[in-house]
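This report concerns only the one structure given below.
Every number in this text was worked out from the coordinates using simple rules, so none of it is lab data. Everything numeric here is computed off the predicted structure, so don't read it as measured data. Please note: Cβ atoms are built from the backbone with ideal geometry, for glycine as well, and neighbour counts cover all protein chains shown.
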Amino acid sequence: MIELTNIRKTYITGELEYEALKGIDLTINPNDYLALMGSSGSGKSTLMNIIGALDVPTSGEYLLRKKPIHELDDNQISEFRNQEIGFVFQTFNLLPKLSALENVGLPLLYADGIEKEERNAKSREMLELVGLGDKLMNKPNEMSGGQRQRVAIARALVNSPSLILADEPTGNLDSKTSESIMELFANLHAKGQTILLVTHEKEISEFAQRTIVLKDGIII
Amino acid sequence: MIRNARIAFESILANKFRAILTTLGIIFGVGAVISMLAIGNGAQQQILEQLKIVGVNNIIVKSIYEKEADNSEEEESDPSQAKKYSPGLTLKDLSNIMEVVPNIELITPEVNYETYALSSTIRKKTKAIGVDPSYFKIFNIELEQGNHFTQLQNNSKKKVCLLGSTLSKLLFPKSNPIGKTVRIGRLNLQVIGVIKKMGGVADNLQSMGINDYNNEIYVPIETLLSRFKDRGKISIQDNRNWSNGKKENPNQLDKIIVQLKNSEDVAPSGELMSRMMKRRHNEVVDFAVSIPEQTLKQQKETDDLFNWLLGAIASISLVVGGIGIMNIMLASVQERIKEIGLRRAVGAKKNDIKMQFILEASFISLFGGVIGIILGITLSYAVEIFLEMPTKISIFSIFLSFVISVLTGIVFGYLPANNAAEQNPVNSLKYE
Ligand SMILES: Nc1ncnc2c1ncn2[C@@H]1O[C@H](COP(=O)(O)OP(=O)(O)O)[C@@H](O)[C@H]1O
Ligand SMILES: [Mg+2]
């Protein structure tokens, strides 16, 4: 489904150049559950952001179902993120003034031809799926960390993306809550969802089907 | 577009407090500017209107006398200071002015008596004012109905009169006053005209020698002098005999009003008249020469200064308001950069973000601007009604304050959001 060939990323800060990715080749197949491991600073987030099209590689080829993503313009990339990718962040990134339902519905706001009723119905369905059917109207500050991450996962799922990208999704959670989040991912995988999980913790990576390890910008 | 309008609207509702703050900044900026300029304009306008009432190129000579007999001790102890004889202001002064002062366009004497006017059933306190027909030309006094009296009627001492509009309604509440009889003292006068109602003549004008046209009765001066009481006929002896009681006004006339052809002549002619009259009155200054137009123009200069001050305060409040709006907008976008990053991550196009923010800023700013206009107009009326200061709202001030504050709101709401939309979403998401 996804093919990365010789992806490089060089950050330039002032006079300094830093090559965070030094030629990545990676294939992700439908219904894969992949863990991306590596110590802090090894380039995991950089790679994930490129796969999620939040950032562009300095060079290399990125194909999704044979379609060259690295050649799309900004509007097409926005659409790509909206349709194909669901992000789950370490810091949840919920909008504080919106209810759980509104937060989950956000991607649908930017999808064409979805009216409010449909948006709310789908958002509610996703919140029920992650076990928050009774917290629809809660604001983020009225929920625990684990609940917030579940809202974020519901938001990632709501537009039926091809790929879920989760960057250290349990990094801000205690071990018990982490485990229940990992169970949720396992369930989603069992239903056919493709997942790329970024983590630096071995125990977390063990939930995945396959693990790849990144070190100083290359896969080892 | 509709989608982004909905997003913008939901976002405003979600951030009510911030929206209210911005709106308040705009409301007070716009409101303050409109009302302050309205106060300044009002004062200006009032003086311009008064200038019309006092007429141009006029010089007014007023007689001065003390109503109470002057039986103080110093008069007795210092006989050298005893009053020199002055004939008072008379028709002779008038003919003298006509001989000496060049380029006179119009001239009229004036006498006035506090008296009562009677119609068949109603009695009202009023002032009977005796003038030449030229009086009405000097002050551009127009009639509501009927005719002015003529020089011929004046010379032949015809018993006719003009009524002030308010007085006419009081004396003849139900019928047309033209042709009716009004009695003052022992004099029966036939009403031949009613003066057009004028905007209230302010006190400062009356002190400059302008009459309150609405409440008075105007009679040919010859008629009034010969048939009512001619104070000119009172002898010096009479005056001395009354020394312990109320002193009669020794002046035959109360005013002489001169209108000159050219405005350059007004000041020098005023001085010439002062000197000439002083000589004629044996150095007794029992008269005052005034140029109402000049007095008003001086007043206008003071007012103009005041207007500048108001304008300056208004501009400052607009700038301060603008900075306030700018601050809130900048701060609110700063705290929302992460939101912009997140919206981008879930699929918002650059344009979606820009539209959302421009719509949010426009809606808040326009709403504030409209409320500000309403506030400004309300404040202006309140000042007029409760502080009794004239105000005049100018379209220009509404336009200026509205455009400046609304533009500030939109520009500073939009620009930072525009920058954030152009940013790499990864950086926006990292923003704290
Ligand atoms: N925007 C950036 N500018 C410059 N250097 C960056 C930037 N983002 C990441 N880096 C650098 O790239 C390397 C990889 O970062 P990252 O992908 O965030 O690592 P990880 O997620 O594995 O901890 C780090 O050394 C980091 O300092
Ligand atoms: Mg990372």
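Worth a mention:
- Tilt relative to chain A, helix A:175-190 - C-alpha long axis, 0 to 90 degrees, to 10: 80 degrees
- Between the Cα long axis of helix A:100-109 and the first principal axis of chain A there is an angle of about 60°, rounded to the nearest 10.
- Under the span-like rule (Cα at least 15 Å along the axis, Kyte-Doolittle mean at least 0.5), DSSP H helices of chain B: B:2-14, B:16-54, B:350-386, B:395-422
- Both the radius of gyration and Dmax for chain B are 34.0, 109 Å, in that order, over alpha-carbon atoms.
- Translational diffusion coefficient (Stokes-Einstein; Kirkwood radius from C-alpha pairs) of chain A at 25 °C, 0.890 mPa s, in µm²/s: 137 µm²/s
- For region A:16-117, GluC sites (Glu not before Pro) meeting the loop criterion (DSSP other than H, G, I, E, B) and having at most 12 other Cβ atoms within 10 Å: A:Glu115.
- Of all beta bridges that DSSP places with both ends in the protein assembly as shown, some 70 percent have antiparallel geometry.
- Calculated P(r) of the protein assembly as shown - Cα pairs past 49 Å, %: 49 percent
- Largest GNM mean-square fluctuation among A:Thr46, A:Thr177, A:Thr13, using chain A with Cα springs under 10 Å: A:Thr13.
- Placing a label point 7 Å from the Cα of B:Ser315 along the Cα-to-Cβ direction, the residues of region B:360-398 whose backbone N falls under 20 Å of that point are B:394-398.
- Integer Hz, Karplus 6.51/-1.76/1.60 couplings in order for region A:36-43, x for Gly and Pro: 10, 9, x, 6, 4, x, 7, x
- Region B:302-432 - Rg and Dmax from Cα coordinates, angstrom: 19.5, 64
- Using the alpha carbons alone, the radius of gyration of region A:27-85 stands to its Kirkwood radius in an Rg to Rh ratio of 0.97.
- Within the shell of other residues whose beta carbon sits under 13 angstrom from the beta carbon of A:Pro140, the net charge comes to +4, with Lys and Arg scored +1 and Asp and Glu -1.
- Based on DSSP H segments of at least four residues, each scored -39500 (n - 2.57), chain B has a per-residue ellipticity at 222 nm of -18000 deg cm²/dmol.
- R0 of 25 Å, Cβ-Cβ distance B:Ser394-B:Ile20: FRET efficiency to nearest 0.05: 0.30
- Take every pair of alpha-carbon atoms less than 8 Å apart whose residues are at least six positions apart; their mean separation over the length of region B:349-432 yields a relative contact order of 49 percent.
- Using θ = phi - 60° and Karplus 6.51 cos²θ - 1.76 cosθ + 1.60, couplings along region A:191-206 (whole Hz; Gly, Pro as x): 7, x, 6, 7, 9, 10, 10, 9, 7, 10, 9, 4, 4, 5, 5, 5
- Amide H to amide H distances under 5 Å link A:Asp55 with A:Ile50, where only residues 5 or more positions off or on other chains count and H is placed in the peptide plane.
- Whole-Hz couplings from phi, Karplus 6.51/-1.76/1.60, listed for region A:150-161; x for Gly and Pro: 5, 4, 5, 5, 4, 5, 5, 8, 4, 9, 6, x
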